[in-house]
Every structure is written in structure tokens, then in C-alpha cells.
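Engineer: Sharing a structure here in C-alpha cells format.
Computed from the coordinates by the stated procedures, all read-outs in this text should not be read as laboratory data. Remember, predicted model here, so these are calculated numbers, not experimental data. Neighbour counts run over all protein chains shown; Cβ positions are idealised from the backbone, glycine included.
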Amino acid sequence: MLGIIGGTGLTKLTNLEITRRQVARTPYGEPSGALTFGRLCGVEIVFLARHGYGHTIPPHEVNFRANLWALKEHGVDRIVSVATVGGIHSDLHAGGLVVPDQLIDYTWGRAHTFVVSGEKPVTHLDFTEPYCSAMRQDILRAAAKKNVVVRDGGVYAVAQGPRLETAAEINRMERDGADMVGMTGMPEAYLARELDLCYAAIGAVVNDAAGRGASRNGIREEDIQLVLNDLMGRVRILLEELVIMDSPNSCIN
């Protein structure tokens, strides 16, 4: 079953026929909210708002372990993560969509693994390719079918948050090879790997990163809000097409 994790701007799926909500309990505490079960084009999926349904949980306080554990426990085997990002690369500007293929983790102090000392043998999982290639290709095919422009690939730098970055930090990230910056890509991606979940992300570019382009003199929240609605509308189209691809008779194209 497909699970969708929504970030800033996607606290609900307006095209989801909700069937039930399930409060989940995990060994790692409570997830960001109840799991929302519903039908998208007649196919059951699970939706979870990463920051809570009222968008009240800052990125550094998201209980990533509980979120991923709860989704797995309730039958999810594939996850699409939607996250807002700032564009660092010169061809990533506000209003763009990207399907990243690599990560750089700058976060600290987050519970980043299910492996706890003394509970089970230490394991070292391969993380060379942090995203599920099959899911990435499905997202790209869905975009092509719906004529939604997306950038194929890019390095997602994960900052600690909740503050935005300085221009110097963005310069450093660019030297490190980053194409975009956000605050929730890790440890989410690695925890999904530990649980053997097929996981990929859609990055919604809501602003130029600090010191770049339109953000050269600062980043304004009101400018971000202006592009969110259109971006999330296109994301919903992609998600619906993913379901159609899985079950081609479930919707009328």
C-alpha cells in the first residue's frame, strides 16, 4: 500500500476520499498525527502530515521514527514524501518541482536510527543510493503522462532548521554539491531504508535559497505562500497519476 507524507503546504489531500483515521502507538512515541486512510481514485492509501495536521511541529522536533514505524505497521510498503525546498542550483527556482536522487545530511541531534545499543546487533546498511529507484521512476513517469514539468535528480541538502540558512551556508552547500536545501529529508529517508520501505521524494521549490536570485536580499514568508497553492496542485496531480498507474482501471483519465 502507498503511503504519502505531506510537508509544508500539504497537510491534507483534497482529492482523498477519507474512510477512517487511526491513532497509532509505536515503541518510539506518537507520530505527527493520526494516520488518514482513504481512497484515491478508488485505491486505498495512507496519508500523514509530517508537521501535524495543524502544521505545529517544527522540523527538528518531528518524530520521524514514530512516523515511519506507524506507516509500516499499518501496511504501507511504499512511500512518497513531499517536502518544500529552497533552490540552490541555477535552474531550480520558486515554482519548480524536483525528484532528488541524492542527499547530504547537515542535521544533528535527531533520532536517526532504529538501532539502539544493546537491543540487537549493529547493522550497517548500504545508503549509496538513498532513494528507491523504482519509486523515483514511477514519479517521473506520472509527471510525463500529465505533462507536469519536474527536474530528474538533484542533491538535497538537509539543514537542521527551524531557522532558514545564511547566504554563506548556502554557498558552502553549493560547494559541497547540493542543488536544493530543506529540513526534513533526513533521517526520514534512512529510517525508511531500515524498515525496507520503498521511499522517494518530491521536492517543491518554494523559494530561491538565501543569497540567490529573488532571495538575494532575504526570504519573505509571503512570497513562499504565493507559490505553494499552485505547487501543491501539481503535486496532487502527480500523486493521483501514481495511483492510476498502479491500478489503471481505478480512474477515468
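Engineer: Just from the alpha-carbon atoms, what are the Rg and Dmax of the chain in angstroms?
Structural biologist: 17.4, 53
Engineer: Okay, next question. In percent, how large is the relative contact order of the chain, given Cα pairs closer than 8 Å and 6 or more residues apart?
Structural biologist: Here the relative contact order equals 26 percent.
Engineer: Between Thr56 and Glu221, what's the calculated FRET efficiency when r is the beta-carbon distance and R0 is 22 Å? Round to 0.05.
Structural biologist: For Thr56 and Glu221, the calculated efficiency is 0.85.
Engineer: Turning to a different aspect of this structure: For a test of understanding, tell me how many lysine pairs in the chain have Cα atoms under 26 Å apart, given they are 8 or more places apart or on different chains.
Structural biologist: Taking the chain as the scope, the lysine pair count is 4.
Engineer: Would you mind calculating the gained length between Asp152 and Glu44 on full extension (0.36 nm times residue separation, minus the Cα-Cα distance), in nm to one decimal?
Structural biologist: Once the chain is fully extended between Asp152 and Glu44, it gains 36.1 nm.
Engineer: If you don't mind, there's one more thing I want to ask. Provide the per-residue ³J(HN,Hα) series for region 187-203, in order, calculated from phi with Karplus coefficients 6.51, -1.76, 1.60 and θ = phi - 60°, each as a whole number of Hz, with x at glycine and proline positions.
Structural biologist: Ordered by residue, 3J(HN,Hα) equals x, 3, 5, 6, 4, 4, 5, 4, 8, 6, 9, 6, 10, 8, 10, 10, x Hz.
Engineer: Could you give the length gained on full extension between Val115 and Ala168, defined as 0.36 nm per residue of separation minus the Cα-Cα distance, in nm?
Structural biologist: Net length gain for the segment: 15.6 nm.
Engineer: Which ordering of Glu44, Glu169, Glu241 is given by a fewest-first count of other beta-carbon atoms within 10 Å?
Structural biologist: By the 10 Å Cβ count, ascending, the order reads Glu44, Glu169, Glu241.
Engineer: Arrange Met180, Met245 by Cβ neighbour counts within 10 Å, fewest through most, would you? The partial results should precede the final answer.
Structural biologist: Values: Met180 27, Met245 14.
Lowest count first: Met245, Met180.
Engineer: Sticking with this structure for a sec: Among the trypsin sites (Lys or Arg not before Pro) within region 183-253, which fall in a DSSP loop and have no more than 16 other Cβ atoms within 10 Å of their own Cβ?
Structural biologist: Answer in residue order: Arg216, Arg220.
Engineer: If I take R0 = 30 Å and measure r between the Cβ atoms of His124 and Gln102 in this structure, what FRET efficiency does the formula 1/(1 + (r/R0)^6) give, to the nearest 0.05?
Structural biologist: The calculated FRET efficiency here is 0.95.
Engineer: Within 10 Å of each residue's Cβ, count the other Cβ atoms and sort Glu61, Glu174, Glu222 from fewest upward.
Structural biologist: Glu222, Glu61, Glu174
Engineer: For Val23 and Asn229 in the same chain, what is the full-extension length gain: residue separation times 0.36 nm, less their Cα-Cα distance, in nm?
Structural biologist: Full extension of this stretch gives 71.3 nm more.
Engineer: To continue, here is another question. Could you pull out the trypsin sites (Lys or Arg not before Pro) across region 1-56 that fall in loop regions by DSSP (anything but H, G, I, E, B) with no more than 16 other Cβ atoms inside 10 Å? Walk me through the intermediate numbers first.
Structural biologist: Working: sites: Lys12, Arg20, Arg21, Arg25, Arg39, Arg50; in loops: Lys12, Arg25, Arg50.
Here the sparse-neighbourhood loop sites are Lys12, Arg25.
Engineer: Next up: I need the phi-derived Karplus couplings for region 83-90: 6.51 cos²θ - 1.76 cosθ + 1.60, θ = phi - 60°, integer Hz, Gly and Pro marked x.
Structural biologist: Values, residue by residue: 9, 7, 9, x, x, 9, 5, 5 Hz.
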